[in-house]
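What follows is a short report on a single structure.
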Amino acid sequence: AEYMGQQTMGELRRLRAAHEDIKTSFADETRGVLDTFVPTIRNAVAKQGEEMADLNTRYTALMEERKRLHNLVLELKGNIRVFARVRPFDKGKLEEGEESPGEPTISYLEQGKVSVYSKQDGRRKWFEFDRVFPPSEGQLTVFEEAKPLITSVLDGYNVCIFAYGQTGSGKTYTMTGSPKDPGLNVRSLQELFRIRTERQRDYTINIFIAVTEIYNEEIRDLLNASGKKLDVKQDSSVPGLT
């Protein structure tokens, strides 16, 4: 039994020594591999970092060029553009015979010309705009013409879109619309927030909204019930807005 115990202890010592040799050999081989590949990996990472920095620089330059060309196109179209939208006749007006049976009251030529026929005068008068929308063209078509201006807002340009016309001409419908078919106001805000989400990886964009009304040549802050009088300054700002 004593002899067997000595044999077992000797075997354990040999196994321990072999294990240490394997550990030492593995450590030496691993160190050799690391010494060979770590500099290569470091160089590759450094090179990738340089390429990423170069790509970021080129991306920024391309974004600036896109911004310049986009707004140049809008300037060539005209900094001030006037559209005309023709609302359909009311059924009651048609029944009263307001539309001439022989000569249409409204007629169109191309996309920017519209004429109005006067039954009393017996003649037709033509008007020219940047774009004319007949009753057959819906809210989305009108918005598509104004959509590029929303991009200009986030490019740093001042933009104003408003509707002008007599009572009952369709201003509220064009600007506000309905929940199922929203107008310019709602669609423009949706596009504004869509572009902000699209650019949030590159820019931090904060959006502030004021709601005002101009009535009888007075500016009213519709988000402030105090009724404080407001004035427009020469730089188009309105100090005191909520």
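What does the extension gain come out to for Arg194 and Glu64, with contour length at 0.36 nm per residue minus their alpha carbon separation?
44.9 nm
Counting other Cβ atoms within 10 Å, keep those with at most 11, restrict to DSSP loop, and tell me which trypsin sites (Lys or Arg not before Pro) in segment 181-223 are left.
Taking segment 181-223 and a limit of 11 other Cβ atoms within 10 Å, the loop trypsin sites (Lys or Arg not before Pro) found are Arg201.
Counting residues in segment 51-191 as N, plug N into 2.2 N^0.38 Å and put the Cα Rg over that result.
Taking N as the residue count of segment 51-191, the ratio is 1.40.
Which entries of Lys113/Lys171; Lys125/Lys180; Lys147/Lys180; Lys67/Lys147 have Cα-Cα distances beyond 25 Å here?
Long pairs (Cα-Cα over 25 Å): Lys125/Lys180.
Sort segment 130-226 into rounded, prolate or oblate with this rule: let a ≥ b ≥ c be the square roots of the eigenvalues of the Cα gyration tensor; rounded if a/c is under 1.5, and if a/c is not under 1.5, prolate when a/b is larger than b/c, oblate otherwise.
It is oblate, given that a/c is not under 1.5 and a/b is not larger than b/c.
What distance in nm lies between label points placed 7 Å from Cα along the C-beta direction at Lys23 and Ala210?
Simple spin-label model gives 7.5 nm for this pair.
FYI, it's all coordinate maths here, none of it is from the lab. For clarity, every value in this text was computed on a predicted model and none was experimentally measured. Every residue, glycine among them, receives a Cβ derived from its backbone with ideal geometry; neighbour counts consider all protein chains shown.
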